[in-house]
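Some notes on the structure that comes next.
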Amino acid sequence: MTSASTARPRKPANRNIPVPPLNLYRMAYCHNCPEAEFCKVSFEQHLLCLLAKLADELARTRQVITIANSHRV
């Protein structure tokens with residue numbers, strides 16, 4: 001008997017599973033957050049934390065775009 005004949009067939013990897021946007025934000029912003037325990041207090045607190053991080057990221061992006069556009073003149 002060979003190991004190939006006794007091995008179970010592998011399930012194909014389904015990498016196209018839709019993920020809700022809130023879960024994507026959690027994966028991106030909360031993965032290594034030092035304040036994760038604070039956000040677990042309530043769902044509203046968690047959403048406020050995510051919104052603050054997204055707003056900060058948007059502000060940084062706008063600042064970079066503004067600086068890049070001001071150098072083009």
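The values are calculated or read from the model by the stated rules, or taken from the named source; none is laboratory data. All values reported here derive from a predicted model rather than from experimental measurement. FYI the Cβ positions are ideal-geometry reconstructions off the backbone, even for glycines, and counts take in every protein chain you see. Keep in mind that these areas ignore ligands, DNA and RNA; they rest on the heavy atoms of the full protein, side chains included. Shrake-Rupley method; radii C 1.70, N 1.55, O 1.52, S 1.80 Å.
In region 58-73, the residues that are modelled with pLDDT of 90 or more and open to solvent by 90 Å² or more (accessible area, probe 1.4 Å) form no Cβ pair under 9 Å with any partner that is part of a helix (DSSP H, G or I) and among the hydrophobic types (A, V, I, L, M, F, W, C), whether six or more places apart or across chains. For region 9-22, check the following and say yes or no: at least one residue is open to solvent by 100 Å² or more (accessible area, probe 1.4 Å), out of contact with any Ser or Thr (no Cβ under 6 Å at 6 or more places or on another chain), at pLDDT below 80 and β-branched (Val, Ile, Thr). No; the residues of region 9-22 include none that is open to solvent by 100 Å² or more (accessible area, probe 1.4 Å), out of contact with any Ser or Thr (no Cβ under 6 Å at 6 or more places or on another chain), at pLDDT below 80 and β-branched (Val, Ile, Thr). Scanning region 37-55 for residues that are part of a helix (DSSP H, G or I), more than 16 Å from the chain's Cα centre (by Cα) and over 18 Å from ASN23 (Cβ atoms) turns up GLU37, PHE38. Here PRO34 clears all of (1) modelled with pLDDT of 80 or more; (2) assigned to a helix (DSSP H, G or I); (3) open to solvent by 60 Å² or more (accessible area, probe 1.4 Å) except the condition numbered (2).
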